[in-house]
Amino acid sequence: MSQSTTFKKQLTAVKRKAKVFNAAGVFLREVELAPAFFGVVPNVAVIHQVVEANLAAMRRGTHSTLTRAEVSGGGAKPYRQKGTGRARQGSIRAPQFVGGGVVHGPKPRDYSKRVPKKMIRLALVSSLSDRARAKRIKVVEDFELENFSTKNALKVLENIHTWGKILVVLDHQDKVVYKSLLNCPNIITSLHTNLTARKVLLSDWVVFTQKALDSLSIKVKEPVVVD
């Protein structure tokens, strides 16, 4: 007689590091990234579901067409029932006529999907781990901006040798940096509390400020670290 055994999948992670630079692009040190956030094996299926739900929630859903009951006019019969040789018709607002109603057309609806919080967290952790594995995560100790300056903020990103689409993750105290980079087309700015998997996947580089990296906290099951 065989005994039934329940196997629980164990989440494993590896240790990864990221380079820390100052505003001038000078390398300062290497910081160890939290394995729970940056060292897990990416779950592609979960990432797909979460990003798909995120895109669906962005749809306004205000599209609308008129049915034959809602189109104005068409109260009179277009022509007599018999004797014309044509098919009988009761209204010029029927779907087969120009200007008639639309059959099975779109109506206002809500496209949002319910996604469990654990899946949202796992998608974010998986996307961050993918960027960490590709060594596409860098840390800036401080942008050193006293006033709003897009030019100086972009100069910092250029100094640390990042290109393409860049996700800059900031802390609540980095208001000057946030507003300085807000209108840049290739820069995605996000607070660490509003970080999503879609933002990470859209970017070629993920740049954390030291404060944002220290403040990053996501409630996930603590993995078993593999050296």
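The values are calculated or read from the model by the stated rules, or taken from the named source; none is laboratory data. The structure presented is a predicted model; accordingly, all values stated were derived computationally and were not measured. Every residue, glycine among them, receives a Cβ derived from its backbone with ideal geometry; neighbour counts consider all protein chains shown.
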Pairs with Cβ under 9 Å, 6+ apart, first in the stretch 198-213 and within 12 Å of VAL20 (Cα to Cα), second assigned to a loop (DSSP other than H, G, I, E, B) and hydrophobic (A, V, I, L, M, F, W, C): VAL207/ILE160; PHE208/LEU216; THR209/PHE143; LEU213/ALA34
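So that you can scan it fast, the table gives a plain yes or no per residue for (1) of a type outside the set (A, V, I, L, M, F, W, C); (2) under 25 Å from HIS192 (Cβ atoms); (3) touching a strand residue (DSSP E or B) at 6+ places or on another chain (Cβ under 7 Å):
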residue	(1), (2), (3)
LYS19	yes, yes, yes
PHE27	no, yes, yes
ALA34	no, yes, no
LYS82	yes, no, no
ILE92	no, no, no
GLY101	yes, no, no
State whether the residues of the stretch 31-42 include one that is among the hydrophobic types (A, V, I, L, M, F, W, C), more than 38 Å from the chain's Cα centre (by Cα) and surrounded by 15 or more Cβ atoms within 10 Å (Cβ to Cβ). no
Being outside any helix (DSSP H, G or I) and outside the structural domain of SER190 (by TED's automatic domain parsing) narrows it down to one residue among PHE143, PHE97; which is it? PHE97
Select from the stretch 162-197 the residues that are within 22 Å of ALA57 (Cβ to Cβ) and either without any contact (Cβ under 8 Å) to a residue 40 or more places away in the chain or not assigned by TED's automatic domain parsing to the domain that holds ARG131 (or both) and write down the one among them that is surrounded by the fewest Cβ atoms within 10 Å (Cβ to Cβ). ASN194
Considering each residue of the stretch 12-43, count those that are part of a loop (DSSP other than H, G, I, E, B) and not hydrophobic (A, V, I, L, M, F, W, C), and give that number. 6
